[in-house]
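Beneath this line is the structure, given in structure tokens, with notes to follow.
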Amino acid sequence: MSVKNKSKVAIWTRIKNIYNENSFNAAFSYPVSVVILTAVLFFLIAYLSNENDSLLIAGILFMFGTYILVATWVLIGLIVSKKKLPYILSLIMGFGMLYFVFDFAYHTPKSAYTSAVKTVHAQTIKYISSELDKCRLGDATAVEGLLNCSEYNAETVMVAILKTSLDKNPFNTTYNAVRSSSSNTNDEDVGYVSLGSSGSNIIIKSCNKTPCKNEENRKQSTVSVK
């Protein structure tokens with residue numbers, strides 16, 4: 001037998017010894033440590049990916065790839081080890097943990113997006129009110145100089161706000177969250193804070209999660225321009 005083949009046999013023998021002599025570590029300690037580290041890294045990525053969908057996808061692929069490697073390691077142990085029970089239990093626990101992680105991964109970003117839309121809705125109301133207060137207190141202009149305080153109405157205030165609002169739609173960061181619209185009941189309205197005017201009022205509407213037809217998923221507020 002060549003030196004190279006002897007080396008391969010020796011490595012395989014060591015691996016089988018790990019599976020047989022350290023079955024608990026091989027079946028639980030090592031895989032669980034890797035899974036926990038991967039889960040922590042993924043949750044961190046999910047938290048940071050609020051406005052970066054590609055980062056979230058990369059995190060999911062990283063987690064999925066790591067779990068495949070861990071599952072392969074345990075399956076090999078199930079095949080080569082004389083002690084089958086630890087590896088069977090490890091696989092059962094692993095699938096349960098995988099379900100939990102993917103369920104969490106599915107719901108967490110959406111929950112963060114929902115909170116972000118609610119925040120933008122509240123901030124938009126505050127922004128409009130604070131800029132109107134400038135005019136009421138005697139300033140010549142407001143909204144970064146785009147609003148003439150000597151002559152304004154709901155429409156001109158709304159136009160100025162739209163030009164200065166830079167918040168992105170959490171569900172689709174290609175578009176700004178604040179827009180000119182009166183719709184918030186269709187699913188395509190999710191993530192948007194829509195501004196419309198009615199007489200001397202600015203109407204602020206939003207849908208923070210689907211289905212937008214459900215009233216509990218929508219918000220509507222009014223700011224008087226008078």
Only one of these conditions is not met by residue 125: (1) more than 19 Å from the chain's Cα centre (by Cα); (2) part of a strand (DSSP E or B); (3) of a type outside the set (Phe, Trp, Tyr); (4) surrounded by 14 or more Cβ atoms within 10 Å (Cβ to Cβ). Which number is it? (2)
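Picking from 92, 76, which residue would you name as being on the phi < 0 side of the Ramachandran plot, assigned by TED's automatic domain parsing to the domain that holds residue 21 and within 30 Å of the chain's Cα centre (by Cα)?
On the way: 76 fails: within 30 Å of the chain's Cα centre (by Cα).
92 is the lone residue from the list that is on the phi < 0 side of the Ramachandran plot, assigned by TED's automatic domain parsing to the domain that holds residue 21 and within 30 Å of the chain's Cα centre (by Cα).
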Evaluation of residue 101 against (1) more than 15 Å from residue 38 (Cα to Cα); (2) at pLDDT below 75 (one fails), failing number: (1)
Count of the range 198-226 residues which are part of a strand (DSSP E or B) and touching a strand residue (DSSP E or B) at 6+ places or on another chain (Cβ under 7 Å): 14
Count - residues of the range 134-187 that are β-branched (Val, Ile, Thr), over 17 Å from residue 224 (Cα atoms) and either over 22 Å from the mean Cα position of the chain (by Cα) or in a loop (DSSP other than H, G, I, E, B) (or both): 3
Considering the range 188-200 alone, what residues qualify as being of a type outside the set (S, T, N, Q) and more than 22 Å from the chain's Cα centre (by Cα)? 195, 196, 199
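So that you can scan it fast, the table gives a plain yes or no per residue for (1) aromatic (Phe, Trp, Tyr); (2) out of contact with any Cys (no Cβ under 8 Å at 6 or more places or on another chain):
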residue	(1), (2)
154	no, yes
159	no, yes
167	no, yes
171	yes, yes
181	no, yes
186	no, no
189	no, no
Hey, among the residues in the range 159-200 that are β-branched (Val, Ile, Thr) and surrounded by 21 or more Cβ atoms within 10 Å (Cβ to Cβ), which one's farthest from residue 113 (Cα to Cα)? 161
Tally time: how many residues in the range 136-156 are closer than 15 Å to residue 223 by Cβ and in contact with a Ser or Thr (Cβ under 8 Å, 6 or more places away or on another chain)? 5
Looking only at the range 1-44, filter to residues that are polar (S, T, N, Q) and not in a helix (DSSP H, G or I); which one of those is modelled with the highest pLDDT? 22
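The values are calculated or read from the model by the stated rules, or taken from the named source; none is laboratory data. Small disclaimer: the values here were computed from a predicted structure and weren't measured. With ideal geometry, Cβ positions are generated from the backbone for all residues, glycine too; neighbour counts draw on all protein chains shown.
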